[in-house]
């Protein structure tokens with residue numbers, strides 16, 4: 001019963017937040033953003049499966065990142081990035097026990113990793129003219145952390161091909177897309193290159209966090 005309540009609350013808060021992002025109503029976005037990850041955490045806790053403490057920690061770190069990104073300014077953006085980097089490392093720790101490294105196809109994994117790292121490099125290169133120099137290397141390291149989280153999600157899928165692993169991997173990909181689009185919205189000279197700016201960032205982010213959680217729920221059944 002409670003899992004359904006929190007799922008409904010998550011859906012309502014997500015719709016409100018995405019509406020606020022679509023019409024660029026900052027007040028709506030500020031009110032709804034702090035509760036999104038909290039509802040995902042509560043949905044997970046009350047779902048009735050074996051709870052993975054590291055997954056809760058990753059979601060809480062993401063929530064902290066959300067809160068720290070709400071104020072404007074490079075210092076807040078950096079603080080939020082540190083929180084989200086911690087979240088990526090925690091997600092990796094969640095995936096590792098599910099990975100059978102003897103079953104991982106490295107001819108798929110290594111090229112995939114190189115693609116992720118190359119995309120990250122391209123994003124940072126595009127942002128060089130408009131991003132403070134002191135932030136460029138930390139931003140690249142951050143995208144590398146997200147990329148590595150995606151690679152471990154892929155290894156989980158390859159070594160344990162099932163619906164739960166697939167859902168979690170799709171969630172990881174969406175999280176990566178969200179971060180790349182966020183960087184472009186914040187620092188690219190033409191932020192309108194991203195459709196509806198924060199709407200796209202948050203749509204992929206909310207779906208990404210939820211699908212990672214839902215995938216791990218499915219794997220825990």
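The values are calculated or read from the model by the stated rules, or taken from the named source; none is laboratory data. In this text, all values refer to a predicted model and were calculated from it rather than measured experimentally. So basically every Cβ, Gly included, is an ideal-geometry build from the backbone, and we count neighbours across all protein chains shown.
Output yes when any residue across the range 167-176 is part of a helix (DSSP H, G or I), at pLDDT 95 or above and over 14 Å from the mean Cα position of the chain (by Cα), and no when none is. Within the range 167-176 (the criterion being part of a helix (DSSP H, G or I), at pLDDT 95 or above and over 14 Å from the mean Cα position of the chain (by Cα)), the answer is no, since none of the residues qualifies.
Which members of the range 97-107 meet the condition of being free of Cβ contacts under 8 Å to residues at least 60 places away in the same chain and surrounded by 13 or more Cβ atoms within 10 Å (Cβ to Cβ)? Within the range 97-107, 104 is the sole residue that qualifies. Inspection of the range 178-198 finds a residue satisfying the criterion of being over 23 Å from residue 118 (Cα atoms), touching a helix residue (DSSP H, G or I) at 6+ places or on another chain (Cβ under 7 Å) and assigned to a helix (DSSP H, G or I).
Out of the range 74-91, which residues are touching a helix residue (DSSP H, G or I) at 6+ places or on another chain (Cβ under 6 Å), modelled with pLDDT of 95 or more and surrounded by fewer than 20 Cβ atoms within 10 Å (Cβ to Cβ)? Correct list: 83, 86. Whether a residue is buried (at least 20 other Cβ atoms within 10 Å of the Cβ) and either more than 14 Å from residue 217 (Cβ to Cβ) or in contact with a strand residue (DSSP E or B) (Cβ under 8 Å, 6 or more places away or on another chain) (or both) was assessed, and residue 17 passes this test. The requirement of being farther than 22 Å from residue 188 by Cβ and crowded, with 19+ Cβ neighbours inside 10 Å is fulfilled nowhere in the range 118-136; no residue meets it.
Of all the numbered requirements in (1) in a helix (DSSP H, G or I); (2) free of Cβ contacts under 8 Å to residues at least 24 places away in the same chain, residue 89 misses one, and that requirement is (2).
Given the criteria more than 18 Å from residue 151 (Cβ to Cβ), out of contact with any strand residue (DSSP E or B) (no Cβ under 7 Å at 6 or more places or on another chain) and crowded, with 17+ Cβ neighbours inside 10 Å, does residue 47 qualify? Criteria met by residue 47.
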